[in-house]
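Heads up: the structure comes next, in structure tokens.
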Amino acid sequence: MNAPVMPKVANKLKSTRMAGKLVNDYWEMVWRAKEEGKLVCWYEGSSINPFLEAADIVWVHGEAYSAMLAARHQEGPAQAAAEERGYLRELCSYARTHLGCAVNNQRHRNGSDSAFADVPADEDISAKLPAPDMIISAYAYCSTGQQWDEMTSRLFGKKIPIFNVSIPWIWASGKDAGYLRGQEWEETSRYVARQLEEMVKFIEERTGKPYPWDRLRELMRNVKRASELRLEAMGMCTATPAPATLFDWSVSIAPINQLPCTTDIVDYFTNVRDEVAERVRTGEGAVPREKYRLFFDGIMNWNKLGWLAEKFARYDAAVVAGRYTHMAFWQEPDLIDPDDPVMGMGQNYLICPNNHSSPILIDLIMGLCEKYQVDGIVFHATRTCRAFTNPMFMIAEQATSRLGIQTTMFEGDVADESFYKDELLNTRVEAMLEAIDSRRLATA
Ligand code: SF4
């Protein structure tokens, strides 16, 4: 007997539907790159895509491709290829999936591996990525990023030129250190900016043309505006009920992080901002019977995005903010000067939410919890991403001692759903919500 189909509860933003078309158009453009004679660059982590787009180089962001495959439940062939090649299941599943795409690309195109030299099945889009003509590694914090790029280079026979941008960790140990301030901040900012200037020379060598700085300035005007609109819309979610949730902001990561930086992204976030403002005006909530407000710490579980949105909505819980969505992706547009954008771009790469020392990270998260008036934090212990998961116990301890709010943790993963256990999440979240109820009763 089929299980009864439950009516949907989550009241998602309608304006985010446009993201699906923009994402599909973008990947179609990537898949056509070689036919159109375009150079292709693979990269991970930092949003260096405007540098590439300005130079008419097609960009492939590794995490974005892995997340897209996972969201479509099409990650299987890539992960199987990677595991057969010897990459362990405990390796970052973004990296594992993307490396599997490289393995499949080689197998299907070169016939170099007799067991896999056949044409990919139509639905296997893991082999459709065009091989890179260059690799740029600009990963903050996590050493997996650099090793992933190195392994990609090896999979393509070490014939692909690779450029490494070192993005230092912000230790914040100096007396004047803090978020966006102090000597260390100034020095690391200049250090990254200098490397980005060198990266532009590397790009010029690949294209054989002078770098089109005016085009970069134009693109960064769009990025800055899109980022301002996104942050404005997010800020409006301090309203009760919250007009949008983390799940809407997760759908909006691609438009701010790796889609073409045309006026389309400005239009997208204008529509999102306007819809959020209208919901605030009319009192329409993203969760119709909002009873709890939660913070989500950890990377998204891309296989489960819609599933989790429904699950929390059924608990009458609005997940109003999160570390991944609210502390990354051109997070400080005021730092970007479109007329002279390199320094501000480098600074935005430095402030990814994994790149801060724990005191800064914890202060920022506590600030968000207070701003959005959350009742608790749900930690997604992302199994194959130690970088995100490492500080979670410290953050939980501070949330309880500083803010007196409840926390809970469940295990899952960015792109491998086998690590997710539904029953575990149900039990843990239900226990946390009961504790919130008890506390409310006690303080009423
Ligand atoms: S382990 Fe985490 S931070 Fe490191 S590359 Fe993977 S997803 Fe990124």
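Restricting attention to segment 337-351, which residues are within 16 Å of the ligand (Cβ to nearest atom) and within 14 Å of S227 (Cβ to Cβ)?
Residues of segment 337-351 within 16 Å of the ligand (Cβ to nearest atom): 349-351.
If the condition is that a residue be within 16 Å of the ligand (Cβ to nearest atom) and within 14 Å of S227 (Cβ to Cβ), then Y349, I351 are the ones that fit.
From the list D274, D214, which residue is farther than 24 Å from W27 by Cβ, free of Cβ contacts under 8 Å to residues at least 40 places away in the same chain and either charged (D, E, K, R) or open to solvent by 20 Å² or more (accessible area, probe 1.4 Å) (or both)?
D214
Restricting to segment 80-100, and then to whatever is surrounded by 24 or more Cβ atoms within 10 Å (Cβ to Cβ) and in contact (Cβ under 8 Å) with a residue 60 or more places away in the chain, can you tell me which residue is farthest from Y26 (Cα to Cα)?
C92
Just to check your reading of the model, which residue among E332, E310, E290 is under 20 Å from E228 (Cβ atoms), acidic (D, E) and surrounded by fewer than 20 Cβ atoms within 10 Å (Cβ to Cβ)?
Only one candidate passes the filter, namely E332.
For the subset of segment 313-325 comprising residues that are touching a strand residue (DSSP E or B) at 6+ places or on another chain (Cβ under 9 Å), away from the ligand (no atom under 16 Å from the Cβ) and open to solvent by 10 Å² or more (accessible area, probe 1.4 Å), which member is farthest from T382 (Cα to Cα)?
Taking the candidates together, the pick is D316.
So in segment 101-147, with the set limited to residues that are open to solvent by 70 Å² or more (accessible area, probe 1.4 Å), more than 16 Å from the ligand (Cβ to nearest atom) and part of a helix (DSSP H, G or I), which one is modelled with the lowest pLDDT?
S114
Show the residue pairs that are 6+ apart or on different chains and have beta-carbon atoms under 6 Å apart, the first residue being within segment 307-322 and within 20 Å of L368 (Cα to Cα), the second being charged (D, E, K, R) and surrounded by fewer than 20 Cβ atoms within 10 Å (Cβ to Cβ).
Taking only residues 6 or more apart or on different chains, the pairs are A318/E290.
So, of the residues in segment 48-71 that are more than 16 Å from the ligand (Cβ to nearest atom) and either free of Cβ contacts under 8 Å to residues at least 40 places away in the same chain or assigned to a helix (DSSP H, G or I) (or both), which turns out to be surrounded by the fewest Cβ atoms within 10 Å (Cβ to Cβ)?
E53
Within the bounds of segment 400-412, is there any residue that is under 23 Å from C92 (Cβ atoms) and within 16 Å of the ligand (Cβ to nearest atom)?
yes
Being surrounded by 20 or more Cβ atoms within 10 Å (Cβ to Cβ) and polar (S, T, N, Q) is the filter here; which residues of segment 223-263 pass it?
S227, T245, S250, S252, Q258
Just checking: which of the helices (runs of 4 or more DSSP H) contained wholly in segment 208-279 hold 2 or more residues that are within 11 Å of L13 (Cβ to Cβ)?
So the answer is 246-251.
Among the numbered criteria (1) open to solvent by 10 Å² or more (accessible area, probe 1.4 Å); (2) within 16 Å of the ligand (Cβ to nearest atom), which single criterion is violated by L364?
(2)
W169 - would you say it is open to solvent by less than 80 Å² (accessible area, probe 1.4 Å), modelled with pLDDT of 95 or more and either closer than 23 Å to A387 by Cβ or not β-branched (V, I, T) (or both)? Explain how you work it out, then say what you get.
Numbers: open to solvent by less than 80 Å² (accessible area, probe 1.4 Å): yes; modelled with pLDDT of 95 or more: no; either closer than 23 Å to A387 by Cβ or not β-branched (V, I, T) (or both): yes.
The answer is no for W169.
Residues of segment 429-444 being among the basic types (K, R) and either touching a strand residue (DSSP E or B) at 6+ places or on another chain (Cβ under 8 Å) or farther than 14 Å from I405 by Cβ (or both), which ones?
Within segment 429-444, the subset among the basic types (K, R) is 439-440.
Result: R439, single match.
What's the number of the condition A172 fails, among (1) farther than 20 Å from A328 by Cα; (2) not in a helix (DSSP H, G or I)?
Every condition holds for A172 apart from (1).
For the condition closer than 27 Å to N11 by Cβ and under 21 Å from the mean Cα position of the chain (by Cα), what is the one hit in L361, L305, L335, L350?
Within the list L361, L305, L335, L350, the selection yields L305.
The values are calculated or read from the model by the stated rules, or taken from the named source; none is laboratory data. Because the structure is a prediction, the values reported are computed rather than measured. All Cβ positions, glycine included, derive from the backbone under ideal geometry; neighbour counts span all protein chains shown. Note: areas computed on protein heavy atoms with side chains; ligands, DNA, RNA excluded. Shrake-Rupley method; radii C 1.70, N 1.55, O 1.52, S 1.80 Å.
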